[in-house]
Amino acid sequence: MPDTVNKIRHRMTIRVGHSTLSFAKPNDEGNVLFEPYVVKSGISIAANLREAFKTSEFLKDLSGRARVLVDSDTLLVPMSHFDEMKAGDLFFHSFPQYSQNHVFFNVMQEVSTVVLSSINKDLKLVLDDHFEDVRLVPAMTPVWGHLYQRNFTGGNQKLFAYVHEHKIDIFCFQQNRFKFCNSYDAKHVKDAVYYLLYVWNLLQFDAQNDELHLVGDIFQSDSASMQEDRETLLGELRRFLQKVYVVNPSADFNRAQVTSIKNMPYDMQTIFVKGR
């Protein structure tokens, strides 16, 4: 069932990016309040969060329950091959740079997949110090779960891409499974165009009939630079692909209140509307 605002009235949602922190919580009227935190450079995200708990009015009167969206590298494992006892070893073998992190996992029943991810141990300690119940969620899981449902509309193959925080997550589904899923650094629009067309050709999608669906920061921002990036990205893609669509969160989520919140990441909007 969707994790509606009424069901999470007493839960804080914290989003942890590579160099970002943001917080969201329902108010007494049932609306969601959102606050991005200005991260100080030169100190860790854990230290920033510890400082935020001391200084941010938004984090006062905590309920003891938190849901933490972690935007970090993930490893997808078929449920039939998943062994919880070996999850850490498997993840560290794939991402040795995170060998000092705490590994956690979420199950996506709809695509028979277990999503492994990790969080800095110091950061987890800060969270555990402030909340009795901490639920860790890879930031991509609500996005995957929601767009998986969109995959069933129409008869054409669909490639999905989430553009956010100088990277692009590209994925598609086939027969209730992931057919492809990868994340790429994309600091410039030309990088995003390159990776999208590369994956499109790799999967042998049809440029006339198959569909590319895009979501993310540059499609929600009003800033001049973002608008320029958006126009460049769409212009370049439409030179080669016939069916390029931008997912409008307001329309997609039936004008849910969170879609009107400026600068709230799409994954955070999705988890409030659809749950995970």
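Yes or no: residue 175 open to solvent by 70 Å² or more (accessible area, probe 1.4 Å) and under 26 Å from residue 78 (Cα atoms)?
Here the answer is yes, as residue 175 does meet what is asked.
Residues of segment 147-156 being touching a Lys or Arg at 6+ places or on another chain (Cβ under 9 Å) and open to solvent by 20 Å² or more (accessible area, probe 1.4 Å), which ones?
149, 150, 151, 156
I need the full set of residues from segment 26-40 which are in contact with a strand residue (DSSP E or B) (Cβ under 8 Å, 6 or more places away or on another chain) and either open to solvent by 60 Å² or more (accessible area, probe 1.4 Å) or assigned to a loop (DSSP other than H, G, I, E, B) (or both), in order please.
27, 33, 36, 39, listed by residue number.
Does residue 116 qualify as being closer than 20 Å to residue 89 by Cα, touching a residue at least 24 places away in the same chain (Cβ under 8 Å), hydrophobic (A, V, I, L, M, F, W, C) and surrounded by 18 or more Cβ atoms within 10 Å (Cβ to Cβ)?
So residue 116 fits the description; yes.
When the residues of segment 169-228 are filtered to those that are assigned to a strand (DSSP E or B) and among the polar types (S, T, N, Q), which remaining residue is nearest to residue 243 (Cα to Cα)?
174
Just a yes or no: is a residue in segment 180-187 free of Cβ contacts under 8 Å to residues at least 60 places away in the same chain and within 30 Å of residue 30 (Cα to Cα)?
no
For a quick check of your reading of the model, give me the residue pairs whose first member lies in segment 69-94 and is modelled with pLDDT of 95 or more and part of a helix (DSSP H, G or I), whose second is open to solvent by 40 Å² or more (accessible area, probe 1.4 Å) and polar (S, T, N, Q), with beta-carbon atoms closer than 6 Å and at least 6 apart or on different chains.
Final answer for the pair search is 92/99.
Name the single residue that is least open to solvent (accessible area, probe 1.4 Å) among those in segment 41-62 being assigned to a helix (DSSP H, G or I) and among the acidic types (Asp, Glu).
The selected residue is 51.
The values are calculated or read from the model by the stated rules, or taken from the named source; none is laboratory data. All values derive from a computational prediction rather than experimental measurement. Quick reminder, even Gly has a Cβ in these numbers, built from the backbone with ideal geometry, and neighbours come from all protein chains shown. The protein model used for the area step is the full one, side chains on, heavy atoms only, and it has no ligands, DNA or RNA in it. Shrake-Rupley method; radii C 1.70, N 1.55, O 1.52, S 1.80 Å.
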